Structure formats: structure tokens, C-alpha cells
Amino acid sequence: MKPNFSLCVYCGSRPGKDPRFAQTAAQVGRWIGQQGGQLVYGGGNNGLMGVLADAALAAGARVVGIIPHSMVEREWAKRDCTELHVVDNMHQRKSMMAERADAFLALPGGIGTFEELFEVWSWRMLGFHHKPVGLLNQDGYYSTLLQFLEQGVSHGFMNTTQTDLLTVGDDPAELLPRLVLAAGYEARPVDISQI
């Protein structure tokens, strides 16, 4: 059965110190499943990635994991994905993730999450795709990054046209439907705190 939409989620391969990060990753996964959507992600079984994928699968979502050969053991590839693609390198991974997605969302994470977010955002700015890119600023995790981006604008290295291409929110219940709608799909109202 064809999913209603396909959301690519970038997030940490570690759980972080605050258990709320994992709780939110699970809520996002369950929301995707309850909406009849598909999760596209990096194929790992550790940290927020594993929590997200487990929750999406349990809620009935299709889960497409994409992981390079060299990272299969390091990230303990999630073998029970609906589809698990093992590719040669990171370039193939990110390209396939972008091709399979209708929209993108970054949850809290580390350097890999940052790199993926900035790449897909810059691709949008350059016109390589026209898919919405979202950033979940959970509990202020990305607040200093957002301040830094404003500094880039004030110093003339960026402009608001570029920053406006990034859809930012601190509430997944509000941000997820906005991303899906911007991608041309409708989301059913769901109380995300109850899932």
C-alpha cells in the first residue's frame, strides 16, 4: 500500500542525556504511522534513530532505512526496517534519502544531524529540490544555532530569504502537520501527547 507521504527524519544516533528527546522521537515515529506515512531515515538502530524507527514500525508506518556498508556495524543497522538499503558511501545515503522524501525534519542530534540538515537546506536554497525542511527546536536545543543564523544574516553572509526556507517549531504537534501540508499532503488532527 502506498504511504500518504514520506518524511525524512534526521536525528541522533545517541539518545542524549534528557529522556524527553527519546520520548519526542517516539511520538514523531508514532505520528508518522498514525497518519499512514512513511519514515525515511539513516537506518541505524541506536539512539534516537532506533527509538524513532521502532515507534514508526509499531504504529504501522513503512520504514525505509539507508545506511553505508561502513556504518552497518557501528550504528547496528536496523534489520527489521520495511526496506533496508546498504549503500557504498554517505553521498549515496543522503541522495537516496532525499529522493525518497516529500519533506525533511531534523530532531536533536549531533554533527551528522547538523550536516544533513544544512546540506538539504542548502540544496533547497539552490533549487535542487523544493521540499519543505523543518527543524524541531525541542526544549531550546537549537536556540543558540538559530541565534547564530540570525548573526549570519546581520553580518550579510545570509539573508532572510534563505532562513525563511527553514520551517522551525518547538512543538511536534504543530510542526509535523505544517511540513506535511507544505509538501502537498493533509494530516489528520491527532493529540500527539496521547500517542
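Taking every residue in region 169-195 that is over 18 Å from Y142 (Cβ atoms) and hydroxyl-bearing (S, T, Y) and pairing it with any residue that is modelled with pLDDT under 95 and assigned to a loop (DSSP other than H, G, I, E, B), at least 6 positions away or on another chain, the pairs with Cβ-Cβ distances below 8 Å are Y185/N4. The single residue among G44, G60, G36, G29 that is in a loop (DSSP other than H, G, I, E, B), crowded, with 22+ Cβ neighbours inside 10 Å and free of Cβ contacts under 8 Å to residues at least 60 places away in the same chain turns out to be G44. Among strands (runs of 3 or more DSSP E) entirely within region 94-195, having at least 2 residues that are under 28 Å from P15 (Cα atoms) and either among the polar types (S, T, N, Q) or out of contact with any strand residue (DSSP E or B) (no Cβ under 6 Å at 6 or more places or on another chain) (or both) singles out 166-169. So if I check each of G156, G169, G134, which one is farther than 19 Å from A103 by Cα and either in contact with an Asp or Glu (Cβ under 7 Å, 6 or more places away or on another chain) or modelled with pLDDT of 95 or more (or both)? Answer to the selection: G156. For the residues D88, D54, the requirement of being out of contact with any strand residue (DSSP E or B) (no Cβ under 7 Å at 6 or more places or on another chain), acidic (D, E) and more than 13 Å from Q38 (Cβ to Cβ) singles out D54.
For T24, the criteria (1) assigned to a helix (DSSP H, G or I); (2) at pLDDT below 95; (3) not aliphatic (A, V, I, L, M) hold in every case but one, which is (2). In region 1-21, which residue that is of a type in the set (G, A, S) and in a loop (DSSP other than H, G, I, E, B) is nearest to P177 (Cα to Cα)? That would be G12.
If I filter region 89-97 for residues that are touching a residue at least 60 places away in the same chain (Cβ under 8 Å), over 22 Å from Q23 (Cα atoms) and within 17 Å of the chain's Cα centre (by Cα), do I get at least one hit?
Checked region 89-97: at least one residue is touching a residue at least 60 places away in the same chain (Cβ under 8 Å), over 22 Å from Q23 (Cα atoms) and within 17 Å of the chain's Cα centre (by Cα).
Among the residues of region 118-126, is there at least one that is among the aromatic types (F, W, Y), within 26 Å of P172 (Cβ to Cβ) and without any contact (Cβ under 8 Å) to a residue 12 or more places away in the chain? Among the residues of region 118-126, at least one is among the aromatic types (F, W, Y), within 26 Å of P172 (Cβ to Cβ) and without any contact (Cβ under 8 Å) to a residue 12 or more places away in the chain, which makes the answer yes.
The values are calculated or read from the model by the stated rules, or taken from the named source; none is laboratory data. This structure is a prediction, so every number in the text was calculated from the model and none was measured. For neighbour counting, all protein chains shown are included, and Cβ atoms are generated from backbone atoms with ideal geometry for every residue, glycine included.
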